[in-house]
Amino acid sequence: MTEDTQDPTQAQLSTDPELGDWRVLLGTLVARWETGGFRAGAEFAGRIAVVADELDHHPDVDLRYPHVTVTTVSHDVGRLTGRDRRLAAAISGIARELGLTPRPGQLSVLEVGLDVMSAPAVADFWRAVLGYDTEAGSSVDEPALIDPAGRHAGLWFQQMDQPRTERNRFHLDVTVPHDVARERVARALAAGGRLVSDEHAPSWWVLADAEGNEACVCTWQGRGGGEAQDG
């Protein structure tokens, strides 16, 4: 198995037979299980807490009435490591013992992109009005903002080419599991959308609704450890 000193790649994690319940989304491992009720979900969350303490590696657990969603990343180094792999495999084992049903196709992470002429000129405003923090690893020239509580979508800024007044300034980035991305794109197109660009697929597809409002369907593929930069 992968050691902490030999961090697994996103491709390795995505094809690991022990991690079939999990998907790589924006540099994290995420999984969701259908529990059928709040009590069953609470039992599952309690079992996760025990194994997390045993492994000294603690995930984010989102307990809802019909399901439990778990996210893990090694925050101390800002990437996925062997610790995340071991924890994920252990949690999947608990889910199997409890007879829970994995729902990887339901997973996604939402980001909001704002097209700007100068990110440094507007980032402080958005940081203040949203109550966000600057994401670790982002720079003054290319800031990215995150909700410190981890509840709301992140905000990042994309440099516009002057004047670019012909397009809307906000767009959504929806990061989905790599094995459902093409289906998601097809559904959006069937629902009246249009394909703006698939130049960077499977990293991301740029789509638009009937009025030209854009959204990107993104995956980890072809992006390394970085964020999506769409057109």
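Write out, first by first residue and then by second, each pair whose Cβ atoms fall under 7 Å of each other, whose residues are 6+ apart or on separate chains, and whose first residue, in the range 67-84, is over 17 Å from Val51 (Cα atoms) while the second is basic (Lys, Arg) and surrounded by 20 or more Cβ atoms within 10 Å (Cβ to Cβ). Partner pairs satisfying both residue conditions: His67/Arg32. Candidates are the residues of the range 21-66 that are free of Cβ contacts under 8 Å to residues at least 40 places away in the same chain and of a type in the set (D, E, K, R); the one that is most open to solvent (accessible area, probe 1.4 Å) is Arg39.
To keep it simple, each residue is scored yes or no on (1) modelled with pLDDT of 95 or more; (2) out of contact with any Phe, Trp or Tyr (no Cβ under 7 Å at 6 or more places or on another chain); (3) of a type in the set (A, V, I, L, M, F, W, C).
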{"site": "Ala42", "(1), (2), (3)": "yes, yes, yes"}
{"site": "Ala45", "(1), (2), (3)": "yes, yes, yes"}
{"site": "Ala49", "(1), (2), (3)": "yes, yes, yes"}
{"site": "Leu114", "(1), (2), (3)": "no, no, yes"}
{"site": "Met117", "(1), (2), (3)": "no, yes, yes"}
{"site": "Phe125", "(1), (2), (3)": "no, yes, yes"}
{"site": "Ala136", "(1), (2), (3)": "no, yes, yes"}
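Please verify whether the range 39-57 includes one or more residues that are under 25 Å from Cys218 (Cα atoms) and not in a loop (DSSP other than H, G, I, E, B). Within the range 39-57 (the criterion being under 25 Å from Cys218 (Cα atoms) and not in a loop (DSSP other than H, G, I, E, B)), the answer is no, since none of the residues qualifies.
I'd like to verify a number: residues in the range 85-100 that are β-branched (Val, Ile, Thr) and free of Cβ contacts under 8 Å to residues at least 40 places away in the same chain, how many? Let's see the steps before the verdict.
Restricting attention to the range 85-100, the residues satisfying the condition of being β-branched (Val, Ile, Thr) are 91, 94.
From what's left, free of Cβ contacts under 8 Å to residues at least 40 places away in the same chain: none.
Of the residues in the range 85-100, 0 are β-branched (Val, Ile, Thr) and free of Cβ contacts under 8 Å to residues at least 40 places away in the same chain.
Selection of strands (runs of 3 or more DSSP E) fully inside the range 107-204 by the criterion of at least 3 residues being open to solvent by less than 70 Å² (accessible area, probe 1.4 Å) and within 22 Å of Val217 (Cα to Cα) returns 109-116, 144-146, 154-159, 170-175.
Only one entry in Val61, Val68, Val24 is in a strand (DSSP E or B), at pLDDT 95 or above, more than 16 Å from Ile94 (Cβ to Cβ) and not basic (Lys, Arg), namely Val24. Taking the condition of being open to solvent by less than 50 Å² (accessible area, probe 1.4 Å), of a type in the set (Val, Ile, Thr) and not in a loop (DSSP other than H, G, I, E, B), how many residues in the range 71-106 meet it? Final tally of qualifying residues: 4.
The values are calculated or read from the model by the stated rules, or taken from the named source; none is laboratory data. Fair warning: this is a prediction, and the values are worked out from it, not measured in the lab. When we count neighbours, we look across all protein chains shown, and the Cβ atoms used for this are built from the backbone with ideal geometry, even at glycine. SASA here: full protein model, heavy atoms, side chains in, ligands and nucleic acids out. Shrake-Rupley method; radii C 1.70, N 1.55, O 1.52, S 1.80 Å.
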